[in-house]
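Okay, so here's the structure we're looking at.
Values quoted throughout were computed directly from the atomic coordinates according to the rules given, and no laboratory measurement underlies them. The structure presented is a predicted model; accordingly, all values stated were derived computationally and were not measured. A quick note on method: Cβ atoms are made from the backbone with ideal geometry, for glycine too, and the neighbour counts reach across all protein chains shown.
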Amino acid sequence: MYVESKVELNLPKSKILNLIREPGNLNKYHPFCKKNEIINWPGNGSVDHLEYHNGMKFNREFYNWTDNGYDLRIGGKRNMAIVNWVVEGDESRSSLRVRINPNIKNYIPIENILIQRLFWFLYIKPMLQSYINHVIKGFNHYMKTETNVLQNQFGTHRWFS
């Protein structure tokens, strides 16, 4: 079970990689990010701290830092999700795909698999899809205009605004 969103841009792959590898990059394009502070940077073993506008706080732990992006764990001991940031393309056209693989047991504290799936399809998946779509809209906006996104610029989100 996962959600993902993708943006294609007429920009070099290196420009996208440079932005997602920049310390505190979420401050520029994440519409629900109040602040994104670095704990350890860059490369495998990187850690940053993300605070949402609603006050929710998470550490993000990075691994699989490659020529095509990275993977991260969000939520520390709570292990809320694995998130993959994948950049593809060349020096004229490229894309960014972000996939969220939630640890469903941390969203739905019910052991019954049928009930978990029902909650996933009816509530969790649409909420996570909306969230990641907003983040990708913010990324696209920043890459095209080089201006930081505003709080809730593309609409509010029940979990993070």
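Structural remarks
- Length added when fully stretched, Q151-K6, from 0.36 nm per residue minus Cα-Cα: 50.1 nm
- You can think of it this way: the chain between S14 and N44 has 8.9 nm of extra reach, that is 0.36 nm per residue less the Cα-Cα gap.
- Estimated purely from DSSP H runs of n ≥ 4, each contributing -39500 (n - 2.57), the mean residue ellipticity at 222 nm for the chain is -7500 deg cm²/dmol once divided by its residues.
- Relative contact order, percent, the chain [alpha-carbon distance under 8 Å, six or more residues apart]: 29
- Likely footprinting exposure, V135, V98, fewest C-beta neighbours within 10 Å first: V98, V135
- For the range 135-147, the Karplus equation 6.51 cos²θ - 1.76 cosθ + 1.60, evaluated at θ = phi - 60°, returns couplings of 5, 5, 4, x, 4, 4, 4, 5, 5, 7, 10, 6, 10 Hz by residue, with Gly and Pro reported as x.
- Additional length obtainable on full extension of the chain from N27 to D90, 0.36 nm per residue less Cα span: 20.1 nm
- Karplus-derived 3J(HN,Hα) values for the range 91-101, using 6.51 cos²θ - 1.76 cosθ + 1.60 with θ = phi - 60°, are 7, 10, 8, 8, 9, 10, 10, 10, 10, 10, 10 Hz; glycine and proline are entered as x.
- Per-residue Karplus couplings for the range 68-82, computed as 6.51 cos²θ - 1.76 cosθ + 1.60 with θ equal to phi - 60°, are listed in order as 10, x, 6, 10, 8, 9, 10, x, x, 5, 6, 6, 5, 6, 9 Hz, Gly and Pro entered as x.
- For the range 3-145, size of Cβ-based charge dipole, Lys and Arg +1, Asp and Glu -1, in debye: 360
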